[in-house]
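Peer 1: Quick one: this structure, given as structure tokens, is what I'll be asking you about.
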Amino acid sequence: MQEAIDILKKYIPEPAVDDVVKILFTYKELHLKITKSRSSKLGDYRKLSAHKHQISINYNLNKYQFLITLLHEIAHFLTYKHFGPKVKPHGKEWKHTFGNLLHKFIRPDIFPENIIPELKIYANNPKASTAGDGDLYLKLSQYNEKTDKKSKYVFELHPGQIFALPNGVVYQLQEKRRTRYKCLRLSNQKVYLIHQNAEVYPINSDSL
């Protein structure tokens with residue numbers, strides 16, 4: 001358990017660590033995996049087998065977004081456990097489970113005061129992603145730490161902007177669809193969905 005505490009201290013606000021660890025250790029079949037950054041999602045939940053469930057969270061989220069995303073995915077596990085496999089992923093059962101869970105962590109020792117009002121509203125009727133709540137998402141984004149001063153987040157770009165992901169693949173930004181953007185990969189002219197919080201590198205079209 002101490003190892004889990006030490007790891008989580010790196011990713012979520014320290015006052016939330018003990019309560020999160022208690023949840024994770026209550027359900028032995030639930031495993032947390034911290035992954036590399038993914039352009040399409042911040043985290044996910046998967047049922048791997050009858051007795052093994054996995055939550056994965058992108059390592060590069062700021063500590064408040066990491067905690068919210070972790071609780072979001074834990075709520076998916078709890079919803080599955082209590083209501084079965086036929087329940088809608090972001091239906092009323094999940095909303096109720098996630099909202100109640102999140103409310104327990106909305107405290108001034110965990111979240112900054114400027115986030116709490118929007119976070120309470122969000123918890124009363126959670127959307128499929130915090131990115132779906134404009135005011136809350138922008139306030140959470142203020143706490144992001146970019147790994148490179150030359151980088152931007154997808155939501156900061158303008159339509160038609162050329163950019164590259166950290167792996168070097170080049171795209172052109174098209175239109176927004178909820179929390180993701182349609183982006184044209186220039187190498188094969190296929191359209192992909194990239195999360196608006198993905199860190200990318202703008203490219204001057206004259207340099208292509």
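The values are calculated or read from the model by the stated rules, or taken from the named source; none is laboratory data. Worth saying up front: this structure is predicted, and the values here are computed from it rather than measured. With ideal geometry, Cβ positions are generated from the backbone for all residues, glycine too; neighbour counts draw on all protein chains shown.
Peer 1: Restricting attention to region 147-155, does a residue exist that is surrounded by fewer than 18 Cβ atoms within 10 Å (Cβ to Cβ), at pLDDT below 85 and in a helix (DSSP H, G or I)?
Peer 2: no
Peer 1: Looking only at region 168-208, which residues are of a type in the set (Gly, Ala, Ser) and under 17 Å from Arg38 (Cα atoms)?
Peer 2: Gly168, Ala198, listed by residue number.
A quick yes/no check of all residues on (1) more than 15 Å from the chain's Cα centre (by Cα); (2) in contact (Cβ under 8 Å) with a residue 12 or more places away in the chain:
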residue: Asn62; (1), (2): no, yes
residue: Phe66; (1), (2): no, yes
residue: Phe83; (1), (2): yes, no
residue: Lys95; (1), (2): yes, yes
residue: Gly99; (1), (2): yes, yes
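Peer 1: Filter region 12-55 for residues that are small (Gly, Ala, Ser) and surrounded by 16 or more Cβ atoms within 10 Å (Cβ to Cβ) and give the result.
Peer 2: Result: Ala16, Ser37, Ser39, Gly43.
Peer 1: A further question on this structure: Condition first: assigned by TED's automatic domain parsing to the domain that holds Pro85, touching a His at 6+ places or on another chain (Cβ under 8 Å) and buried (at least 19 other Cβ atoms within 10 Å of the Cβ). Can you find one or more residues in region 61-74 that meet it?
Peer 2: No: zero hits.
Peer 1: Look at region 10-55 and say how many of its residues are assigned to a strand (DSSP E or B) and either over 19 Å from Ser129 (Cβ atoms) or touching a residue at least 24 places away in the same chain (Cβ under 8 Å) (or both).
Peer 2: 16
Peer 1: Name, by its number, the condition in (1) assigned by TED's automatic domain parsing to the domain that holds Tyr64; (2) under 24 Å from Gln54 (Cβ atoms) that does not hold for Thr179.
Peer 2: Thr179 satisfies all of (1) assigned by TED's automatic domain parsing to the domain that holds Tyr64; (2) under 24 Å from Gln54 (Cβ atoms) except (1).
Peer 1: Are any residues in region 101-126 in contact (Cβ under 8 Å) with a residue 12 or more places away in the chain, assigned to a helix (DSSP H, G or I) and under 17 Å from Ala16 (Cβ atoms), and if so, which ones?
Peer 2: If the condition is that a residue be in contact (Cβ under 8 Å) with a residue 12 or more places away in the chain, assigned to a helix (DSSP H, G or I) and under 17 Å from Ala16 (Cβ atoms), then Leu101, Leu102, His103, Leu119, Lys120, Tyr122, Ala123 are the ones that fit.
Peer 1: Phe163 - would you say it is under 17 Å from the mean Cα position of the chain (by Cα) and modelled with pLDDT of 95 or more?
Peer 2: Considered against the rule, which asks whether it is under 17 Å from the mean Cα position of the chain (by Cα) and modelled with pLDDT of 95 or more, Phe163 comes out as no.
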